[in-house]
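Asker: Structure provided below as structure tokens; questions to follow.
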Amino acid sequence: MLALQKVASEFGYNRIILGSCISRIACHVISATVKGQGYSLPADIQYVDARWEVPVVLPLRDCFAQEINMLCRLDGLKTVKLSTDLCSSINGLVSSFVALLQEENPSRESSIVRTAGKLTPFQFNRIPEIIDSNVPLTTRRCQKRYNLKSNESVSSESFCPLCNSPLDKSEIVDWSNIDSHRSSDIFYNTCCSSCRFQILPSDSTTMEQFYMDFPQSVVSRPKQANNGNLSLLRNFMCRPFFKT
């Protein structure tokens, strides 16, 4: 996602549209749970995700992979099946597991996504209201279907600087004594528990070397997040989602 965000920003795109379908989302639900990303999981499976500099939309989130493959065949489009080592990663193991479940019961993927859909999403998953009589009826219906009520979302303005996942209150660092800590320690403590467990080294010396290899755009995120301007940026970027 960071690579897509970089390309979109450089070329001036204002939306990123992903082809994630029910089948892909079902795999993500299980893999994210295994990786300890349960708190941020609702943010990844909504129709709109405006926590990024360039908002992300999932227009195929209600479609199955089999349906999309069939449509591609009917339209004469070529499909490519990625060959991965099933035992090389958690994602590979989960994909093979979900595929096996789907063979036994075709409704398993849908059940997984519906269950995850009961989790409370975040405010950056909301679709801004459009009060315009010129907006097509189909657009307004789509907005009503995917939008969230104010009491159905969680507010979060603190994000992991590494994976950009929303942080739980217990993971938010007190910035009152920021000048008395090393930059690498600050970065480590502002990351989510999943990134600290899976990616970042626990040793402070190794972490210092690890920190020096990060690009400036990543290491500056804790300071940018502390400025409190992310909400305004998302509101600006998210306004014309369904305008035609």
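Asker: Please work out which residue is nearest to the chain's Cα centre (by Cα), limiting yourself to the range 200-211 and to residues that are without any contact (Cβ under 8 Å) to a residue 24 or more places away in the chain and assigned to a helix (DSSP H, G or I).
Answerer: MET207
Asker: Output the qualifying pairs, or none if there are none: Cβ atoms under 7 angstrom, residues six or more apart or on different chains, first residue in the range 96-123 and not assigned by TED's automatic domain parsing to the domain that holds SER40 and surrounded by fewer than 16 Cβ atoms within 10 Å (Cβ to Cβ), second residue assigned to a loop (DSSP other than H, G, I, E, B) and among the β-branched types (Val, Ile, Thr).
Answerer: Short answer, once both residue conditions are applied: none.
Asker: Within the range 195-211, does at least one residue satisfy the condition of being at pLDDT below 90 and in contact with a Cys (Cβ under 7 Å, 6 or more places away or on another chain)?
Answerer: no
Asker: Considering every residue within the range 78-85, establish whether at least one is closer than 28 Å to GLN5 by Cβ, in contact with a His (Cβ under 9 Å, 6 or more places away or on another chain), surrounded by fewer than 19 Cβ atoms within 10 Å (Cβ to Cβ) and among the polar types (S, T, N, Q).
Answerer: no
Asker: Scan ARG73, ARG51 and give me the residue that is assigned by TED's automatic domain parsing to the domain that holds ARG114, at pLDDT 85 or above and in contact with a Lys or Arg (Cβ under 7 Å, 6 or more places away or on another chain).
Answerer: One residue alone meets the criteria, ARG51.
Asker: Only residues in the range 68-81 that are farther than 21 Å from LEU58 by Cα count as the first member; pair them with residues that are in a loop (DSSP other than H, G, I, E, B) and of a type outside the set (Val, Ile, Thr), Cβ under 7 angstrom, at least 6 apart or cross-chain, and list the lot.
Answerer: The qualifying pairs do not exist here.
Asker: Now for a different question. Residues that are under 19 Å from SER111 (Cβ atoms) and more than 16 Å from the chain's Cα centre (by Cα): list the helices (runs of 4 or more DSSP H) wholly contained in the range 1-86 that include at least 3 such residues.
Answerer: 65-74
Asker: So, one more: Check GLU129, GLU157 and return the single one that is exposed (fewer than 12 other Cβ atoms within 10 Å of the Cβ), among the acidic types (Asp, Glu) and modelled with pLDDT of 60 or more.
Answerer: The unique qualifying residue is GLU129.
Asker: Conditions first: (1) modelled with pLDDT under 55; (2) in contact with a helix residue (DSSP H, G or I) (Cβ under 9 Å, 6 or more places away or on another chain); (3) farther than 20 Å from GLN5 by Cα. ALA225 passes all but one, so which condition is the exception?
Answerer: Of everything listed in (1) modelled with pLDDT under 55; (2) in contact with a helix residue (DSSP H, G or I) (Cβ under 9 Å, 6 or more places away or on another chain); (3) farther than 20 Å from GLN5 by Cα, ALA225 misses just condition (3).
The values are calculated or read from the model by the stated rules, or taken from the named source; none is laboratory data. Small disclaimer: the values here were computed from a predicted structure and weren't measured. Reconstructed Cβ throughout: ideal geometry from the backbone, glycine too, with neighbour counts over all protein chains shown.
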